[in-house]
Amino acid sequence: MASNEVTKYPGRTIRLGVTSRAFDGLAHQNMRFDQAVLELVDNSLAAVQPGQKALIQLLLIPKSKDTLTLVILDWGIGMDAGGMEAALQLGAAPVSGNRLNEHGFWLKNALASLSMGSGAWTLASRRAENQPYCVTQGPFDVNMTLYELPDLQPVLPAGVQICRPDPRTVVVVDTPVSYARTMQSRGGPCSDAVTMRSWLLEHFGVKYRGYLNLDRVTMEPSAKILITVGDSSLPVPPVEVPIANAQTVKFPVELGGQVVCVTYRYGLLDTDRRDHLIMTPDGLVKAKCYYQGNIPTQGIDIRMGKRVIATAQLEQIWRSDRGEPLARHNCYNAFVGELLLPELPRGVLPTLNNKTGLDLADSGWQNLCGKLNEYMPPKSVKNMSEERLKQRWMDILKAACPTDKVTDECSVWPTGTRIDVVAEAPGKLELYELKAGRSEPQNLYQLKMYWDGLVLQGCQPTHGTLLVQNYSSDLKLMLDQMNRLPPPLTRDGRPSAPYALDIATHAEKHLS
C-alpha cells in the first residue's frame, strides 16, 4: 500500500498490550488451513445485517509457486475504528453477541495462523457506504496503526472479480501453499487453486449446511458463500450426512439452566450417496474428506443451530463399560449420524478457544454425553440397519395381506442358511433378500441360492425380490440374464418353474 494513498488516524496507534511472541504462539496452535478460514467466515456470518441474507466471497489467488493470497469479503455491518481496535485486542470480549463470535479470538487466531505469525495481511472495514474504510496491516506487532482509505483499490490484488460492489469488510492475507494443503485428508498434495477450491467446497458444505440449505418457508438459504478462482465463482452447496435407514431419537437434557430438546439421528453410511455427495459444475462427485467409512471419519457430526461445530465424534462422547473412552475400531466404520442442537447462548456447551474441538470438561457437555451413552454406537451398524429393515418389511407384508404367513425363520440347504423374509399363502411362496445399502452382484446370487434351495426341498417359489437402497443399470441387466437361466430340477427329476427374480429400491416399497 503506497504511503500517499492512506491517511493515518490522529491518535489511532493501537497498543495491543502483549509481547510479539504472543502472535507466534497463536500461529502454532495446530489449526488447519480450513479451520483458520472458517474462523473468518464465522465472523462474516455473525456480521450479517438485520433482515438480510449473508453474502460472503472467498478468492484464492496464486501469488507465487509457494504462496497463495486469500481474500474474504462480506457485505455485513462492518466495523469502525473503535470496533477494529477492539477486534485486534488479545483477550478482549467478543465484538458481537452472536454465538459464532464465541471467544473473541477469531481474527487473531485466523490471521496469525494463515500468516504464520509474521506474514503480511490487511484488514479493511467500514460501517456505511459513504464512510472511508478503516484499514490496518500486518504483520502483528505490539503497536498497530489504523489508516483511512476512500476505496479498496490499494487493498485488493489487481484484477480481482468482486461479486457485488461496496463490501463492508475485507481480509487479505498471504499464506504458504504448504499450509493450505493441511486441509487435505489424503491424496497427493494439491498446488493449484482449483483443486484447493474443491477441498474448501467440501469443508464449507459440511460445516455450514444449516446456512446453505433452503428455508422451508422462504425457499432461500440463510447465506450464500462463493469461492472464486480467476473468473470462475462457485457457490458452496450444502453437504448432508449420507445416512441410510436412519433411526431418530429425541430426548430432553438440561443445559445452561434450561431443558433443551435434542435430536439424534444415526444409521448406516450410505456409500452410494457418499460417492455422489458434492455438487460441482461437472455433476455430483465423491466426498474426499468426510464420511469415508474408515476409522478417522467414523462417528457423528454435532450441529448447533445452523453451524456444524464438530465432525467424526466417537471417543469424545461414548464410554466403554469400564468408563474409558470408546476406542475407534473398524467395526464402527459404517457408523454415521448427526446430533442436532438448538442455537444456545454463549457459554453453554463451549468449544475450545480456537473452535477446533469441544470443551469436554464443561458440565453441559458431560450431561449431554451421559445421555448419549444410553444410545451406544452399534458395533455392526450394517447388521442393525438390516434387522430394522427386515422387521419393517414384515410389518408391511402383514398389513397388506393379514392371512399370509410372514416369517424370517425359513432356512434352506444343509447349512441352514436363513432366508431374510418369506411370505406364504396357498399358491404363493415369495422370498425376499434385504440390504441396507447399495446392491452388489453377490446379493442377487444369494436370492437365487434361496430359490434353488427351496426347489430342492420340494417347495416351489413363486417370486423372489431383492430390496436395496439403490442399484445400477448393470445389475438390472444381470438380473434379466439370471431369469433366463435354467432352474434346478425338482426332487423327482421334473423341471421346476422358471426363475421370477426381481429387484426394487426401499423407496419403491415405502421402506425409506
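Computed per residue of the chain from DSSP H runs no shorter than four, each worth -39500 (n - 2.57), the mean residue ellipticity at 222 nm is -7000 deg cm²/dmol. Taken one residue at a time, the phi angles of the range 251-258 give Karplus couplings (6.51, -1.76, 1.60, θ = phi - 60°) of 8, x, 8, 7, 9, x, x, 9 Hz. Gly and Pro are set to x. Charge dipole (Cα centre; +1 on Lys/Arg Cβ, -1 on Asp/Glu Cβ; no other charges) of the range 381-505 amounts to roughly 40 debye. Run through the range 202-243 and list the trypsin sites (Lys or Arg not before Pro) located in a DSSP loop whose Cβ has at most 15 other Cβ atoms within 10 Å. Loop-located and lightly packed - R216. For the range 362-428, the set of GluC sites (Glu not before Pro) satisfying both a DSSP loop assignment and a count of at most 11 other C-beta atoms within 10 Å is given as E374, E409. Amide H to amide H, with H built 1.01 Å from N, V262 comes under 5 Å of F251, V253, counting only residues 5 or more places away or on other chains. Mean separation of Cα pairs under 8 Å and 6 or more residues apart, divided by the residue count, gives the chain a relative contact order of 11 percent. According to the square roots a ≥ b ≥ c of the eigenvalues of the Cα gyration tensor, what is the shape class of the range 468-509, taking rounded for a/c under 1.5, prolate for a/b larger than b/c otherwise, and oblate for the remainder? Prolate shape, in that a/c is at least 1.5 and a/b is the bigger ratio. Looking at the range 381-505 alone, DSSP beta bridges between its own residues are antiparallel in about 50 percent of cases. About its Cα centre, the dipole of the chain is roughly 240 debye, where the only charges are +1 on Lys and Arg Cβ and -1 on Asp and Glu Cβ.
Of all beta bridges that DSSP places with both ends in the chain, some 75 percent have antiparallel geometry.
For the range 260-335, the relative contact order comes to 26 percent (Cα pairs under 8 Å, sequence separation of at least 6). Here the Debye sum runs over all C-alpha atoms of the range 240-379 as equal scatterers in vacuum, and log10 of I(q)/I(0) at q = 0.09, 0.16, 0.21 Å⁻¹ comes out as -0.28, -0.86, -1.38.
If you model the range 381-505 as an ellipsoid using its alpha carbon gyration tensor, with each semi-axis the square root of five times an eigenvalue, the axes come out at 22, 19, 13 Å, biggest first.
The protection proxy used here, the mean number of other Cβ atoms lying within 10 Å of each residue, ranks peptides 56-62, 415-421 as follows, highest first: 56-62, 415-421.
Of all DSSP beta bridges confined to the range 240-379, the antiparallel ones make up roughly 80%. The calculated P(r) of the chain, using every Cα pair and 10 Å bins from 0, goes 3, 16, 23, 20, 15, 10, 7, 4, 2, 0, 0 in percent. Protection proxy ranking of 426-438, 479-491, by the mean of other Cβ atoms within 10 Å over each peptide's residues and highest first, is 426-438, 479-491. Helices that extend 18 Å or more along their long axis by alpha-carbon positions and average at least -0.5 on the Kyte-Doolittle scale are, among the DSSP H runs of the chain, 33-46, 193-207, 441-456.
Taking θ as phi - 60° and the Karplus parameters 6.51, -1.76 and 1.60, the scalar couplings of the range 48-63 work out to 4, 6, x, x, 10, 8, 6, 10, 9, 10, 10, 10, 10, 10, x, 9 Hz in sequence order, x denoting glycine and proline. Put simply, the amide H of I309, placed in the peptide plane, has neighbours under 5 Å in I302, R303, M304, leaving out anything fewer than 5 places away on its chain. Taking amide hydrogens as placed 1.01 Å from N in the peptide plane, the amide H of L352 sits under 5 Å from those of G357, L358, D359, each at least 5 positions away in sequence or on another chain. Listed values for the range 230-240 are Karplus-derived 3J(HN,Hα) couplings in whole Hz (6.51 cos²θ - 1.76 cosθ + 1.60, θ = phi - 60°), namely x, 9, 10, 10, 10, x, 7, x, x, 10, 8, and x replaces Gly and Pro.
Using the average count of surrounding beta-carbon atoms within 10 Å as a protection proxy, the listed peptides 137-148, 168-179, 447-458, 281-292 rank, highest first, as 168-179, 447-458, 137-148, 281-292.
Ranking L268, Q469, F251 by Cα position along the charge dipole of the chain, where only Lys, Arg, Asp and Glu carry charges on their C-beta atoms, puts F251 farthest toward the positive end.
Any read-out appearing in this document is the output of simple, stated calculations on the displayed coordinates, not a laboratory observation. Since we're looking at a predicted model, the values are computed, not measured. Positions of Cβ are backbone-derived with ideal geometry, glycine not excepted, and every protein chain shown enters the neighbour counts.
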